[in-house]
Amino acid sequence: MQLPIAVEDLHVQYRQKNGKIVDAVQGLSFAVQPGEVVGFLGPNGAGKSSTLKAMMGFLEPRQGKCDIFGLPSGSVEAKRRIGYLPEVALYYPFLTPLETLHFYGELQGMSGRTLRDETRSMLAQVGLEESSGKLNRNLSKGLLQRLGIAQALLGSPELLILDEVTSGLDPLGRRELRALLNERKSRGCTLFFSSHELAEVEMLCDRILVIHNGKFVEERNLGALREQIGRYALTFISRDFPKNTAQPPTDLGNGQFLARFANKKHLLEAISSVHGSGGQVLDVIAEEGSIEDYFIDTIERAA
């Protein structure tokens, strides 16, 4: 099975309005497996949008390549398998959402009852049913974002590439979007998206890729990352100290001690050890760490 996304030694440049050449992406390589949901993270100006545009064939790499299902990025065959949402989705202002989706559906080769039914279904799924007859020029930013999401999902693409997918959405819209994307994931769709909403990334993604100044920083499995950044502590009474503590236990007085652990496995082993030695567990703290703190620390180390 071909990889949905394979990026190899990607270098992308663009020219600013003042004529200055910017090295937006510098030697980026990564791959995305079928059915994965991958978050693409980095601060403003990190090169995320330039990478996505190269993957879509909108920017010609100076060096390296992007393959979509083994096909060259930008090829008609590759684009047929992608649903794409740009960072700023612009639609003809004098069309309605219904007409807009009909237009994009026809570009995909859809027609007749199939197109009509899917268009109506997509408008309902993104909460645009009541606004389907309004002109795009009269829609709010949030409603235009919903239209962009509907357009990206139209035709059940195998791969979704979404740039700042939650931009402009209110909390209800973000929750509805999560449900839509999780439903597509359950069908085997692969998702690759950038977002500054780290809470959304944490709830949706299997894995994250972090870039800074156009360069790869690191990739992390979210399950393993949560385990690493979690905070675990045990307050206990026992003559035998638990093993694998992150640092020597702190004496709290009255025979009580506080021990901290690097992961949940060591915490559970310590609880079992205290009970096994006839001691007493007084308090257990198991808190999930902050993805935001991890992200900021990672970017500061990469700067």
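Quick look at the numbers
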{"read-out": "Cβ-Cβ under 7 Å pairs, at least 6 apart or on other chains, segment 170-191 side within 18 Å of GLY35 (Cβ to Cβ), far side among the aliphatic types (A, V, I, L, M) and open to solvent by 70 Å² or more (accessible area, probe 1.4 Å)", "value": "ARG178/MET203"}
{"read-out": "Some residue of segment 184-192 being in contact with a strand residue (DSSP E or B) (Cβ under 9 Å, 6 or more places away or on another chain) and surrounded by fewer than 17 Cβ atoms within 10 Å (Cβ to Cβ)", "value": "no"}
{"read-out": "Residues within segment 223-245 that are under 30 Å from ASP170 (Cβ atoms) and without any contact (Cβ under 8 Å) to a residue 40 or more places away in the chain, tallied", "value": "1"}
{"read-out": "Qualifying residue in segment 199-215 (condition: within 30 Å of ILE299 (Cα to Cα) and free of Cβ contacts under 8 Å to residues at least 40 places away in the same chain)", "value": "yes"}
{"read-out": "Any pair with Cβ under 6 angstrom, 6 or more apart, that starts in segment 283-303 at a residue that is in contact (Cβ under 8 Å) with a residue 12 or more places away in the chain and open to solvent by less than 90 Å² (accessible area, probe 1.4 Å) and ends at one that is among the basic types (Lys, Arg) and part of a strand (DSSP E or B)", "value": "GLU287/ARG231"}
{"read-out": "Residue check, LEU267 under 30 Å from VAL12 (Cα atoms), among the hydrophobic types (A, V, I, L, M, F, W, C) and in a helix (DSSP H, G or I)", "value": "no"}
{"read-out": "Only one of VAL274, VAL210, VAL217 that is open to solvent by 40 Å² or more (accessible area, probe 1.4 Å), modelled with pLDDT of 90 or more and touching a strand residue (DSSP E or B) at 6+ places or on another chain (Cβ under 7 Å)", "value": "VAL217"}
{"read-out": "Condition check for ARG113: open to solvent by 30 Å² or more (accessible area, probe 1.4 Å), of a type in the set (Lys, Arg) and more than 29 Å from the chain's Cα centre (by Cα)", "value": "yes"}
{"read-out": "Residue list for segment 238-255, filter: open to solvent by 60 Å² or more (accessible area, probe 1.4 Å) and either under 25 Å from GLY289 (Cα atoms) or not in a loop (DSSP other than H, G, I, E, B) (or both)", "value": "LYS243, ASN244, ALA246, GLN247, PRO248, THR250, ASP251, LEU252"}
{"read-out": "Scope segment 87-110; condition at pLDDT below 90 and either β-branched (Val, Ile, Thr) or open to solvent by less than 50 Å² (accessible area, probe 1.4 Å) (or both); matching residues", "value": "VAL88, ALA89, MET110"}
{"read-out": "Any chance MET122 is in contact (Cβ under 8 Å) with a residue 24 or more places away in the chain and under 30 Å from THR298 (Cα atoms)", "value": "no"}
{"read-out": "Strands (runs of 3 or more DSSP E) contained in segment 130-222 and holding at least 1 residues within 29 Å of VAL76 (Cα to Cα) and over 16 Å from the mean Cα position of the chain (by Cα)", "value": "215-221"}
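The values are calculated or read from the model by the stated rules, or taken from the named source; none is laboratory data. Quick caveat, the model's predicted, so the values are computed rather than measured. Cβ coordinates were reconstructed from backbone atoms using ideal geometry, including for glycine residues, and neighbour counts include every protein chain displayed. When the accessible area is computed, the model is the full protein with side chains, heavy atoms only, and any ligands, DNA or RNA have been set aside. Shrake-Rupley method; radii C 1.70, N 1.55, O 1.52, S 1.80 Å.
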